[in-house]
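As structure tokens, the structure follows; a few thoughts come after it.
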Amino acid sequence: MKKQFTTVIFFALTTISLQAQLLYKVEGKNLKEPSYVYGTIHIMPKKEFVISESIKAAFKSCNQLVMEIDLNTDLKTQIEIAQSSMLPEGKTIADITTKENSERIRKFCIDSLNWKESKYNKMSRFRPFFLSSLIVNELIGKSKSYEIEFKKLAKKNKMHVTGLETIQFQMKLMNEVSDEEHIKMLLPSLTKDNSEFNKLLSAYLKEDLDLLGTLMNNAELSPEFYSKLIVNRNQMWIPIISELIQNKSTFIAVGAAHLAGNEGVLNLLRRAGYSVTVVK
């Protein structure tokens, strides 16, 4: 359950440079050692998953791993996540959207995912953003997560692991969004060919930050929510990253959508006085 919840939450939050790269070295500003920033996709088909030699080398050179959240969650936190992912007071998807939308979601899950009615009735109690992630997970099939694999590598290398924010913060952020907007984000995922996710995956495999940023901007997100989801969090992370990399060489792994654009993590680090260069 722990692995499923953390993977789904990561994907829900970040489904999601002319240079086609995702790994960057951070130096300068009196840093004792360089650190690295890597843009992840939080879930991808197992057959496409690879950790390149350049990533392995950068990772091995570091003393600590920093991700959006620390995946080492206790039982109490897991219960909190489970509770936050559910609609209140026993409500279901049918109670928070139009009959047309509700039937479209139900029909897709039963006809395209081959869910039994009983399974859909159970899953329809989840909030739309969580249900959307469960649907995409099923469409992907066997999958892997960079965050989970990096956590394993960090344990093997006896690295300190921490997060830029808490999962409680992430859940609170998602729960501040109206049910209507969550439904609006869920509906595009209802395609058997998983076309929306595959656009993101294709851009990611090409290591095209510009395209990833464009796809994120074109997603079904209100400007206000996009600012909360991407821009504001990027800005919050910079002083935290600055403190973390001051005394330890650090491997920072965050969703690739956070790296792109003028307000992306890479440009914000440059504006903070660091040298940020592509690692090929």
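The values are calculated or read from the model by the stated rules, or taken from the named source; none is laboratory data. Computed from a prediction, not measured in an experiment: that's the story for all the values here. Heads up, the Cβs are rebuilt from the backbone with ideal geometry, glycines too, and the neighbour counts pull from every protein chain shown. Surface areas here come from the heavy atoms of the whole protein model, side chains and all, with no ligands, DNA or RNA. Shrake-Rupley method; radii C 1.70, N 1.55, O 1.52, S 1.80 Å.
If the cut-off is a Cα-Cα distance under 17 Å, which aspartates and glutamates reach LYS107, setting aside same-chain residues fewer than 8 apart in sequence? Here the aspartates and glutamates satisfying the reach criterion relative to LYS107 are ASP95, GLU117, GLU138, ASP193. What whole number of Å gives the distance from the Cα centroid of region 148-211 to the Cα centroid of region 56-124? Each part's Cα centre sits 12 Å from the other's.
Listed by chain and number, the lysines placed with their C-alpha closer than 19 angstrom to that of LYS32 are LYS60, LYS248; residues fewer than eight positions away on the same chain are left out. Given 4 °C and 1.567 mPa s, compute D for the chain with the Stokes-Einstein relation, Rh being the Kirkwood radius over Cα pairs; round to the nearest whole µm²/s. Translational diffusion coefficient: 67 µm²/s.
As a test of understanding, state the convex hull volume per residue of region 70-222 from its alpha carbons, in Å³.
Working: hull volume 22.9 nm³, N = 153.
Hull volume normalised by residue count: 149 Å³.
For HIS160, the solvent-accessible surface with a 1.4 Å probe is about 90 Å², rounded to the nearest 10.
A simple spin-label model places the labels of ASN267 and MET86 4.3 nm from each other, with each point 7 Å out along Cα-to-Cβ. Restricting attention to the chain, close to 45% of DSSP beta bridges with both partner residues there are antiparallel. Within straight-line reach of LYS228, meaning a Cα separation under 18 Å, sit the following lysines at least 8 residues removed in sequence or on another chain: LYS172, LYS184.
In this label model, LYS155 and VAL278 are separated by 3.5 nm, measuring between points 7 Å along each Cα→Cβ vector. Within the accessible area of the chain, the carbon and sulfur atoms contribute 50%, probe 1.4 Å, all protein chains present.
If you keep only loop residues by DSSP, which trypsin sites (Lys or Arg not before Pro) in region 105-185 have at most 12 other Cβ atoms within 10 Å of their Cβ?
Of the trypsin sites (Lys or Arg not before Pro), the ones in loops of region 105-185 whose Cβ has at most 12 other Cβ atoms within 10 Å are LYS116, LYS142, LYS158.
Would you mind working out the accessible area per residue for the chain, using a 1.4 Å probe, and quoting it in Å²? Mind showing how you got there, number by number?
Values: 13350 Å² over 280 residues.
Result: 48 Å² per residue.
Net charge dipole, region 192-263: roughly 200 debye, given to the nearest 20, about the Cα centre with Cβ charges of +1 for Lys and Arg and -1 for Asp and Glu.
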